[in-house]
Amino acid sequence: MRRLVAHSVAVGLLALSTAARGAEGSAAESARVGSEACLACHDAPAHSLTHYGASPGVADCESCHGPGKAHVEAGGDATKIVNPAKQSPRDASKACLTCHASSHELADWSAGRHEAANITCLNCHQIHNANGKLPHLLKKPRAMEVCFDCHKLQRVLTMSSSHMPLRESKMDCTDCHNPHGTTTEGMLREASVNDNCYACHAEKRGPVLFEHPPVRENCLNCHDPHGSMHPNLLVATAPRLCQSCHIGTRHPSQPQTPTSRFVFNKSCVNCHPSIHGSNSPSGVNLMR
């Protein structure tokens, strides 16, 4: 009997809750005036509406700014309408996530470092994008330029003599990172640094008969992906790079003369060229 009563109460509360939400939704719907009323005064943002042309009635002015009836009746009082630019970071992004949360790109937004740092969609995207010319409604023509507004060190590194081809427009920051959030370190698109690198450098993946441990551990042990003053994005030149792990037990580790075979040309790689691993039966020392 008690279970029946409890069940009846629960059903009744659910019905009341549903009715309340329905009433609230009806009230909000009746407070809408439509984009045409907005454009009577706000003609400049009209260009950006072309971005939403594929979803008429789904995304319009009031989808982001809320019902506009009170705003219109108050003669355009700015306090009677929602302005995402003046909201808290979490609330400002909520309007965008109402539609975009189902996107694979934004599935981990709440786990990303940008959300934790109170970065909002409006920091990178200009919703009222003039004529809709910029891709993805970005504030600047390329994602790289948007990222560099905050990531100054990475901007400097891309100006190094050895760099990823970002300046040449052959790739962008978003090829390696998902700015909308991931559960990986550095918001990498793949599960690890190495997996990210293997997306382009598949020949380094292996498996190989004789592995080079620091290579399998992390590509960043030897390379700086954002740029370096050393060849091949190396964090240091050989033999200094090699000697950061290999102490001078067989080969001299002290500074050499410019003509020494341990320094000349490619240094250690003169004899050990298979630094990423070897499949040769005699490649135990990565010499083949």
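Odds and ends about this structure:
- The set of residues from region 181-221 being of a type in the set (Phe, Trp, Tyr) and either exposed (fewer than 15 other Cβ atoms within 10 Å of the Cβ) or in a helix (DSSP H, G or I) (or both) comprises just one member, TYR198.
- The set of residues in region 165-187 being of a type in the set (Val, Ile, Thr) and more than 21 Å from PRO141 (Cα to Cα) consists of THR182, THR183, THR184.
- Among the criteria (1) touching a residue at least 24 places away in the same chain (Cβ under 8 Å); (2) over 20 Å from ARG32 (Cβ atoms), the one PRO67 does not fulfil is (2).
- Some residue of region 165-172 being surrounded by 17 or more Cβ atoms within 10 Å (Cβ to Cβ) and aliphatic (A, V, I, L, M): yes
- The helices (runs of 4 or more DSSP H) found entirely in region 101-157 that carry 3 or more residues being of a type in the set (A, V, I, L, M, F, W, C) and closer than 13 Å to PRO179 by Cβ are 143-147.
- Top-ranked residue in region 222-242 [being in contact with a Cys (Cβ under 8 Å, 6 or more places away or on another chain) and in a helix (DSSP H, G or I); ranked as farthest from HIS151 (Cα to Cα)]: CYS242
Here is a yes/no grid of residues against (1) more than 30 Å from PRO135 (Cα to Cα); (2) in contact with a Phe, Trp or Tyr (Cβ under 7 Å, 6 or more places away or on another chain); (3) modelled with pLDDT under 90:
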site	(1), (2), (3)
ARG21	yes, no, yes
GLY25	yes, no, yes
ASP43	no, no, yes
ILE81	no, no, no
ARG90	no, no, yes
HIS100	no, no, yes
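- Reported count of residues in region 92-121, each being in contact with a helix residue (DSSP H, G or I) (Cβ under 8 Å, 6 or more places away or on another chain) and under 15 Å from SER63 (Cβ atoms), is 10.
- Residue in region 201-217 that is farther than 21 Å from MET159 by Cα, touching a helix residue (DSSP H, G or I) at 6+ places or on another chain (Cβ under 7 Å) and among the hydrophobic types (A, V, I, L, M, F, W, C) present: no
- Any pair with Cβ under 7 angstrom, 6 or more apart, that starts in region 71-89 at a residue that is touching a residue at least 24 places away in the same chain (Cβ under 8 Å) and surrounded by 16 or more Cβ atoms within 10 Å (Cβ to Cβ) and ends at one that is among the hydrophobic types (A, V, I, L, M, F, W, C) and assigned to a helix (DSSP H, G or I): VAL72/ALA37; PRO84/CYS64; PRO84/ALA92; PRO84/ALA95; PRO84/LEU122
The values are calculated or read from the model by the stated rules, or taken from the named source; none is laboratory data. Bear in mind the structure is a predicted one, so any value in this text is a computation, not a measurement. Every residue, glycine among them, receives a Cβ derived from its backbone with ideal geometry; neighbour counts consider all protein chains shown.
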